[in-house]
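Below: the structure, in structure tokens.
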Amino acid sequence: MRLRNAVIASASALLLALTVSNPAQAATGDFDYTYIGTGGIAVNGNLADPRSRECIDIPETVGNNFPALAPRNFTTSTATVFLESHCDGDTYYTMNPGRILGTKLRFRSVIFS
């Protein structure tokens, strides 16, 4: 009888462990920004449902002299934007969900909580 109870308890614990959901791996929503395209024209960019806890270099700024600007955080996560690529450097700004910043803020990478 004790063996059967131990087996049931172990199986229940294993089943519970398997059914507990993992934390979200992506920020839900859009992160919009503006970048300078060819001919110096401002173009809108977007990261849809970006991965959380992973630095994202803004694709349009890689190998470009112009950083992105005017970030708009329409995700469910806090975004931290960095002036440098690879989320490096001491120039950064933290944006709560729903926050919109103007064209004076420049950045090249972002990470979501």
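The values are calculated or read from the model by the stated rules, or taken from the named source; none is laboratory data. All of these numbers come straight from a predicted model, not from anything done at the bench. Counting neighbours? That spans all protein chains shown, and the Cβs are built from the backbone with ideal geometry, glycine included. These accessible areas exclude ligands, DNA and RNA; they are computed on the full protein's heavy atoms, side chains included. Shrake-Rupley method; radii C 1.70, N 1.55, O 1.52, S 1.80 Å.
For this structure, a couple of remarks:
- Contact annotation: residue pairs with Cβ atoms under 9 Å, 6 or more positions apart or on different chains, pairing a residue in segment 39-51 that is exposed (fewer than 11 other Cβ atoms within 10 Å of the Cβ) with a partner that is not acidic (Asp, Glu), are 40/66.
- Test: residue 41 is modelled with pLDDT of 95 or more and of a type in the set (Val, Ile, Thr): no
- Residue count for segment 52-66, restricted to those that are farther than 11 Å from residue 110 by Cα, open to solvent by less than 50 Å² (accessible area, probe 1.4 Å) and not β-branched (Val, Ile, Thr): 1.
- Taken over segment 45-66, the criterion of being outside any loop (DSSP other than H, G, I, E, B) and in contact with a strand residue (DSSP E or B) (Cβ under 6 Å, 6 or more places away or on another chain) is satisfied by 45, 46, 47, 48, 51, 56, 57, 60, 61.
- Condition met for residue 27 (touching a Ser or Thr at 6+ places or on another chain (Cβ under 7 Å), over 17 Å from residue 105 (Cβ atoms), buried (at least 18 other Cβ atoms within 10 Å of the Cβ) and among the hydrophobic types (A, V, I, L, M, F, W, C)): yes
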